[in-house]
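Working notes for the structure below.
The values are calculated or read from the model by the stated rules, or taken from the named source; none is laboratory data. Note that the structure is a prediction, hence the values are computed from the model and not measured. With ideal geometry, Cβ positions are generated from the backbone for all residues, glycine too; neighbour counts draw on all protein chains shown.
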Amino acid sequence: MRFALTREQAHTAKKSNACMNNKFFIVLKNHSFPFLFLAEIFSQVAMNMVNFILIIVVFTLTNSNIAVSGIVLSYTLPAIVFGLVAGAVVDRYNKKKILFLTNFLRGVLLLLLAVWDTNLVAIYTLSFFVFVGTQFFIPAETPMIPVLVSRDLLLSANALFGIGIYGAVLVAYALSGPLLIWFGQRTAFLLLAAIFFFAALFVLFIRLPSVEAKGEKQSLLRSFPLRQEIKGAIQLMFKTKKIYHSLFLLALSQILVLILAVIGPAYAKNILGISVNSFPLLFVTPAALGMVIGGIALGNYAHRFSKEKSATIGVFLSGIAMLLLPYGSKVTSREIVHKLNIYLPNLLDINILHIMIVLAFILGFANALVFVPSNTILQEETTDDVRGKIYGGLNALVGLLSLIPIIVVGTLADMFGVAKVITGIGVFILLIGFLRLFVRAKD
């Protein structure tokens, strides 16, 4: 009995040690990081729900696709106009204060939206200012990670952030419709304001190292004009290979999400033969799950693996998955699949929808392989006084490039068919992967 108890105790101790040595657990033991993580989750959930709900509200009010395009422009224009400037401003001041103010002020703007929820001009105006606030929030949020977390834990911290971002997208999409149905748009805006206020509250519990406090005084005393700071940041982005490679990959991963959002309805209707309304949940859920599993794998087991190789693998996986997306029916027509379906129960018969779900999962997993290492490289290769401008530049780049899926991809899909467009995108991504291999071999 004593021997059995000793084995049990040893097993418990082993499990306890494994838990204590888990990279995620070590990151979350940091006093301030959990509050930054909670602030991120709450603000991302609120922001993504604002995205979905405003589109529904504007379409309901106007029954016009042009009016919906106007609300989408209110999301993208602030990034193009204010991205770099916001990053430069963030680097001059205390990031914790900026995180608090941006969450608090966005909450106030949502309260105003609840008052003028049927006035289209007010909706456009307030939406624009909400997203102007977001331009200051983004370059203050992610650059806070290396301020709070040691260099050896950056990969795990960024993996957690990636999980939070994509989890927030899934939660926001799943709850946006029910929130409007159950409570109505006015109460929905009030609840979203409350979520922003909670995010601001979590920020107050973040404790910054004394170095950050000194950094604020130094940045306030800087005599450099804002224009000169922005020019220096742009030069750094284009002259430092690791930085511009990471920025390009992060922009690519976000643009790919936008492209899938634009052509998703046509893909659902013309290729999958399913309801357009059911596509986002069927696609987003496995993609988010893939991102979560990819983030967990990277955060716990990939610390010694090359970040550049992880990102390149992610690019190739994305290209292959995109290339296969239109051809699920050809896979299901294969003899081996027919033989498998004979032995599988009816509920498990492999069809084109199952192929799409698997590919969506792979795309999410691949996105984690690109997103997490690229963010980590950016934080390792930059100092705290320029990170805001780097992330502001990324935001401006994504805002500018997002016009491509909004304007070009939809038009090409109408002209040549959605299958050919998706195939072309897959080929383009694979070419980027091969180009990365060529550049690495040359180095």
Take residue 213 and decide whether it is modelled with pLDDT of 90 or more and surrounded by fewer than 16 Cβ atoms within 10 Å (Cβ to Cβ).
no
Can you tell me which residue among 124, 173 is closer than 15 Å to residue 45 by Cα and either surrounded by fewer than 22 Cβ atoms within 10 Å (Cβ to Cβ) or among the small types (Gly, Ala, Ser) (or both)?
173
Look at residue 183 and say whether it is free of Cβ contacts under 8 Å to residues at least 40 places away in the same chain and in a helix (DSSP H, G or I).
yes
Restricting the search to region 131-149, which residues are in contact with a Pro (Cβ under 9 Å, 6 or more places away or on another chain) and in contact (Cβ under 8 Å) with a residue 60 or more places away in the chain?
134, 135, 147, 148
In this structure, does residue 81 turn out to be in the same structural domain as residue 180 (by TED's automatic domain parsing), within 26 Å of residue 203 (Cα to Cα) and out of contact with any Phe, Trp or Tyr (no Cβ under 7 Å at 6 or more places or on another chain)?
no
Among the helices (runs of 4 or more DSSP H) contained in region 286-351, which hold 1 or more residues that are of a type in the set (A, V, I, L, M) and either at pLDDT below 85 or exposed (fewer than 15 other Cβ atoms within 10 Å of the Cβ) (or both)?
328-332, 335-343
So, in region 84-121, of the ones that are of a type in the set (Gly, Ala, Ser) and within 16 Å of residue 47 (Cβ to Cβ), which residue ends up farthest from the chain's Cα centre (by Cα)?
107
Hits in region 40-66 (condition: among the aliphatic types (A, V, I, L, M) and either farther than 24 Å from residue 191 by Cβ or not in a helix (DSSP H, G or I) (or both)):
66
Tally, over region 90-115, of residues that are part of a helix (DSSP H, G or I) and either modelled with pLDDT under 80 or aromatic (Phe, Trp, Tyr) (or both):
4
